[in-house]
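For reference, the structure discussed in these notes is given below.
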Amino acid sequence: MQLGLFSLMTLRDHPDGALGVMRDTKKMVQTAEELDFDIAWFAEHHFANYSSSPSPLMMCSYAAGWTRKIRLGPGVIVLPLYNPLRVAQEIAVADTQTEGRLVVGMGTGYQQYEFDRYRTVIEDKVDIFLEYWDIIEKALVDGEVEYQGRFFSVPKTSFAVSTQQKPLPPIFVTTSHPKLLDRFKKWNATPFIAASTLGSPVLYKMGDGLNKAWESIGENPAKKPLAIMQYINITDSRSEALAVGERARYVGRMAYHLRQAELPIDDKGYIRDEPYDGEYTLDQYADNMVVGDPHTVAEKMVADIKRLNPTNYTCNFSFGCMPIEKAHDSIMRFKKEVVPLIEKELGPLSDIAVESKPVKKAS
């Protein structure tokens, strides 16, 4: 089982604003590399302070200059919002800049606010994604593409730059849609599920839905790779856990509002901290996320691993514009105090959910 670090890069109350968040992200990624994490993921969201990372491939290129061994991944490219010809070339360049350390995360997206402003119909996102991937796959694998589609057409075009990893870097997709799972079977792509601040109860429902989707296309879910992401924080008191829950609640409120056509914006241009019907209490946030003392965090992670059997467990320690001291303390204690407890229960992380080798097959 791989360990991942996820960087959402929210702007809220950092004294140094976006520059401070960027510096904190660099420190967390470098620390993750020192602690032998396998992948550092960078979010993609647009316009709002929910994330200050509108271009995760740009973040991967940036991080390539100050990392040496950790893999770097967009988490994820919201493919329907792109020009597929451009993103194909940028994937190739990023894999070159990282010297073959890129992993490619892609998704269909979900935020109505973003789709409206890119003039993309959110109801068409799956079909757009599939067309765009047809183009990207041909460009990167065959080096040439000619395509006539409903959403995009390309005259015969050759591509001089290709990825360092042949035929493609490892692929992760944030989906449980049967059409997408079926399309990416040949690449042994890893579905990536995340319940964000809603934690394990919602994550398990997502896992059940993914299993049903696999079964609907005649596949055995137990033989498929899986990546999951959880919000994690090491705390030493209930008051500290509730303070972490408050930061998660703000992230959850922003995510809710971004599913709408308009946003409640304050005078700084940030999304206002407005509640919505049915949201969690602070206690529910603290209890449902992977938050608590080292033994509690280990118990929650062991439960996740036993329930979902992931090949990749990605951790977000820095949510809600978490102060760097708190996030950094959590990742350090996670590796020093939590991982040994998990391995005492389950054995070495490297032996958990060993996945099959990816199929290397051209389009």
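Annotations for the structure displayed:
- Residue match in the range 162-176 (condition: surrounded by fewer than 21 Cβ atoms within 10 Å (Cβ to Cβ), in contact with a Gly (Cβ under 8 Å, 6 or more places away or on another chain), small (Gly, Ala, Ser) and under 22 Å from ALA94 (Cβ atoms)): yes
Residue-by-condition table, conditions (1) surrounded by 17 or more Cβ atoms within 10 Å (Cβ to Cβ); (2) over 21 Å from the mean Cα position of the chain (by Cα); (3) under 20 Å from LEU242 (Cα atoms):
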position	(1), (2), (3)
ASP266	no, yes, no
PRO275	no, yes, yes
GLY278	no, yes, yes
MET289	yes, no, yes
LEU308	yes, no, no
PHE317	yes, no, yes
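- The set of residues in the range 83-114 that are free of Cβ contacts under 8 Å to residues at least 40 places away in the same chain, of a type outside the set (S, T, N, Q) and surrounded by fewer than 22 Cβ atoms within 10 Å (Cβ to Cβ) comprises ARG86, GLU90.
- Residue pairs whose Cβ atoms lie under 8 Å apart, sitting 6 or more positions apart in sequence or on different chains, and linking a residue in the range 26-41 that is among the β-branched types (Val, Ile, Thr) to a partner that is in a helix (DSSP H, G or I) and buried (at least 16 other Cβ atoms within 10 Å of the Cβ), are VAL29/ALA63; THR31/HIS328; THR31/ILE331.
- Members of the range 127-161 found to be among the aliphatic types (A, V, I, L, M) and either modelled with pLDDT under 95 or surrounded by 14 or more Cβ atoms within 10 Å (Cβ to Cβ) (or both), listed by number: ILE128, LEU130, ILE135, ILE136, ALA139, LEU140, VAL141, VAL145, VAL154, VAL161
- Pick from the range 233-279, criterion part of a strand (DSSP E or B) and either without any contact (Cβ under 8 Å) to a residue 40 or more places away in the chain or out of contact with any Ser or Thr (no Cβ under 7 Å at 6 or more places or on another chain) (or both), ranking: nearest to PRO191 (Cα to Cα): ILE271
- Qualifying residue in the range 99-106 (condition: modelled with pLDDT of 95 or more and more than 21 Å from ILE39 (Cα to Cα)): no
- Within the range 138-149, considering residues that are of a type outside the set (A, V, I, L, M, F, W, C) and not in a strand (DSSP E or B), the one farthest from LYS212 (Cα to Cα): GLY143
- Among residues of the range 214-229 being without any contact (Cβ under 8 Å) to a residue 24 or more places away in the chain and either polar (S, T, N, Q) or not in a helix (DSSP H, G or I) (or both), the one that is nearest to ARG307 (Cα to Cα) is ASN220.
- Taking the numbered list (1) free of Cβ contacts under 8 Å to residues at least 24 places away in the same chain; (2) touching a helix residue (DSSP H, G or I) at 6+ places or on another chain (Cβ under 7 Å) in turn, TYR62 passes all entries but (2).
The values are calculated or read from the model by the stated rules, or taken from the named source; none is laboratory data. Everything quoted here is computed from the prediction, not taken from an experiment. Using ideal geometry, Cβ is built from the backbone for each residue, glycine included, and neighbour counts are taken over all protein chains shown.
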